[in-house]
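Computed from the coordinates by the stated procedures, all read-outs in this text should not be read as laboratory data. This is a predicted model, so every value here is computed, not measured. Counting neighbours? That spans all protein chains shown, and the Cβs are built from the backbone with ideal geometry, glycine included.
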Amino acid sequence: MEKTFLMVKPDGVQRGLIGEIVKRFEQKGFQLVAGKLMVISREQAEYHYAEHKGKPFYEDLVSFITSGPVFAMVWQGDQVIALSRLMMGKTNTLDAQPGTIRGDFAVHTGMNLIHGSDSPESAEREINNFFKPEEIAGYDKVLNKWI
Ligand code: DAT
Ligand code: MG
């Protein structure tokens, strides 16, 4: 089944939104297979955001993501990559619709609460940057047949 890397960013942790964000993906019908609270290293952050290196917001982005604990997760389900991006809302907060996580809780584009992989290639790369294979739980969820 498809897997994605989702992360509650330091602003979401500080604002007490881990539970709210996890709740939304659970209620949607996705399956949590890994999760941990951690402070990410500069190296890990640079690898994670390599595609943005050289952009005007890059330095602020790396400082922000390493400024406090994040809640890193792996979720699985059919089309979880595309569907979780929809649930997150658009990057630019002015385009993030109400009903999405960013639309409901974020005001500024930089402080936008959540990261989610944007393709199967980035999901694989990002999962491997944050989790060892043995940290990912393989288990059957009986409810899956009703999702
Ligand atoms: P997303 O997080 O929706 O995948 P992205 O990969 O384009 O967006 O950018 C990564 C993060 O960088 C984004 O969550 C917030 C920040 N960012 C992107 N564009 C920005 C901009 N124009 N000004 C400030 N921060 C920006
Ligand atoms: Mg991105």
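Data for the structure
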{"read-out": "Cα-based shape type of region 70-116, given that a ≥ b ≥ c are square roots of the gyration tensor eigenvalues and the cut on a/c is 1.5", "value": "oblate"}
{"read-out": "For ILE81, net neighbour charge (Lys/Arg +1, Asp/Glu -1) across residues whose Cβ lies under 14 Å away", "value": "-2"}
{"read-out": "Order by protection proxy (mean Cβ within 10 Å, highest first), peptides 97-110, 78-91, 131-144", "value": "78-91, 97-110, 131-144"}
{"read-out": "Residue-by-residue Karplus 3J(HN,Hα) for region 109-114, coefficients 6.51, -1.76, 1.60, Hz, glycine and proline x", "value": "4, x, 9, 10, 6, 9"}
{"read-out": "Cα shape, region 64-147, gyration tensor, a/c 1.5 rule", "value": "oblate"}
{"read-out": "Computed helical MRE - 222 nm, the chain, DSSP H runs ≥ 4 contributing -39500 (n - 2.57), nearest 500", "value": "-10000 deg cm²/dmol"}
{"read-out": "Counted charge near MET7, where neighbours are those whose Cβ lies closer than 12 Å (Asp, Glu -1; Lys, Arg +1)", "value": "0"}
{"read-out": "Listed residue pairs exceeding 22 Å between alpha carbons, taken from LYS3/LYS36; LYS3/LYS55; LYS28/LYS141; LYS9/LYS141; LYS90/LYS145; LYS36/LYS90", "value": "LYS3/LYS55; LYS9/LYS141; LYS90/LYS145; LYS36/LYS90"}
{"read-out": "Ratio of the Cα radius of gyration of the chain to 2.2 N^0.38 Å, where N counts its residues", "value": "1.00"}
{"read-out": "Among GLY77, SER119, GLY99 - extreme Cα towards positive end, dipole of the chain, charges at beta-carbon", "value": "GLY99"}
{"read-out": "Under-5 Å amide H pairs with LYS141, H placed in peptide plane, nonlocal only", "value": "none"}
